[in-house]
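S.K.: The structure's right below; bear with me while I get my questions together.
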Amino acid sequence: MSATSITIHFTLNGEHVSAEIEPHHTILEVLRQQFALYGARESCGQGLCGCCTVIVNGESVSGCLYLAAMADGGEVTTVEHLDASGELDVVQRAFIECGAFQCGFCTSGFILMSRQLLDRNPDPTEAEIRHFLSGNLCRCAAYPEIIEAVKLAARMRRSEGAVPA
Ligand code: FES
Ligand code: FES
């Protein structure tokens, strides 16, 4: 602990936690280095690719830019929370079904964003899917499969009764 370190307290994937951080630490650094949560990844490091996406207080943020100190008292959700029950989330199942990844580096960001989209709009058009995911980049160019996976997840949610058909 240095003279400049501070303690933050927040809810992480449903559990109350605390962390000793430096003011310049990003939430991505804290999640990976202190909580061994590796789903969010750093790629561009500039808020341009979405690989580092995490949810803070219900909104997606670029974990590579979002200062951990800003999460103090808040609620942080990572992709690891989606299958915390022991079963894959419907979006995760749809990505597997559609083969919506190649190297997988971008996948957790796409899955978190897709889940956010479907929570807000259970039956998005393709244009709405493309628009909502436009901040996420896939260097393997798995975009067609990703779009199909989001459409499939929307259908699966309706057929499984998660949202009105
Ligand atoms: S690594 Fe954060 S947006 Fe690219
Ligand atoms: S699957 Fe490789 S970057 Fe998207």
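S.K.: Name the single residue, out of those in segment 108-117 being more than 16 Å from ligand 1 (Cβ to nearest atom) and surrounded by fewer than 24 Cβ atoms within 10 Å (Cβ to Cβ), that is farthest from Gly161 (Cα to Cα).
M.R.: The selected residue is Leu117.
S.K.: Residue check: is Leu118 touching a residue at least 12 places away in the same chain (Cβ under 8 Å), within 24 Å of Gly63 (Cβ to Cβ) and not in a helix (DSSP H, G or I)?
M.R.: no
S.K.: Based on what the data block shows, is Gly39 more than 12 Å from ligand 1 (Cβ to nearest atom), modelled with pLDDT of 95 or more and under 21 Å from Asp119 (Cβ atoms)?
M.R.: The answer is yes for Gly39.
S.K.: With respect to Val91, is the statement that it is under 16 Å from the mean Cα position of the chain (by Cα) and part of a strand (DSSP E or B) true?
M.R.: no
S.K.: Taking only segment 90-107 into account, find how many residues are within 16 Å of ligand 1 (Cβ to nearest atom) and in contact with a Ser or Thr (Cβ under 7 Å, 6 or more places away or on another chain).
M.R.: Residues meeting the conditions: 1.
S.K.: Quick test of your reading of the structure: Ile55 fulfils all but one of (1) β-branched (Val, Ile, Thr); (2) closer than 30 Å to Pro124 by Cα; (3) free of Cβ contacts under 8 Å to residues at least 60 places away in the same chain. Name the failing condition by number.
M.R.: Condition not satisfied by Ile55: (3).
S.K.: Go through segment 1-24 residue by residue and tally those that are surrounded by fewer than 20 Cβ atoms within 10 Å (Cβ to Cβ) and within 20 Å of Gly109 (Cβ to Cβ).
M.R.: Counting residues in segment 1-24 that are surrounded by fewer than 20 Cβ atoms within 10 Å (Cβ to Cβ) and within 20 Å of Gly109 (Cβ to Cβ) gives 1.
S.K.: Next question. Which residues, taken from segment 65-88, are assigned to a loop (DSSP other than H, G, I, E, B) and not hydroxyl-bearing (Ser, Thr, Tyr)?
M.R.: Leu65, Asp72, Gly73, Gly74, Ala84, Gly86, Glu87, Leu88
S.K.: Scanning segment 50-84 for residues that are farther than 19 Å from Ser114 by Cα and small (Gly, Ala, Ser), which turns out surrounded by the most Cβ atoms within 10 Å (Cβ to Cβ)?
M.R.: Selected residue: Ala71.
S.K.: Then there's this: Any chance segment 28-49 includes a residue that's free of Cβ contacts under 8 Å to residues at least 60 places away in the same chain, buried (at least 19 other Cβ atoms within 10 Å of the Cβ) and hydroxyl-bearing (Ser, Thr, Tyr)?
M.R.: Scanning segment 28-49 turns up no residue that is free of Cβ contacts under 8 Å to residues at least 60 places away in the same chain, buried (at least 19 other Cβ atoms within 10 Å of the Cβ) and hydroxyl-bearing (Ser, Thr, Tyr).
S.K.: Go through (1) outside any loop (DSSP other than H, G, I, E, B); (2) more than 15 Å from ligand 2 (Cβ to nearest atom); (3) modelled with pLDDT of 95 or more for Ser108 and report which single condition fails.
M.R.: With (1) outside any loop (DSSP other than H, G, I, E, B); (2) more than 15 Å from ligand 2 (Cβ to nearest atom); (3) modelled with pLDDT of 95 or more applied to Ser108, the lone miss is (2).
S.K.: If Gln102 satisfies every condition in (1) exposed (fewer than 14 other Cβ atoms within 10 Å of the Cβ); (2) farther than 19 Å from Leu118 by Cβ; (3) assigned by TED's automatic domain parsing to the domain that holds Ile146 but one, which is the exception?
M.R.: For Gln102, the failing item is (1).
The values are calculated or read from the model by the stated rules, or taken from the named source; none is laboratory data. Every value quoted in this text rests on a predicted model; they were computed, and no experiment measured them. Reconstructed Cβ throughout: ideal geometry from the backbone, glycine too, with neighbour counts over all protein chains shown.
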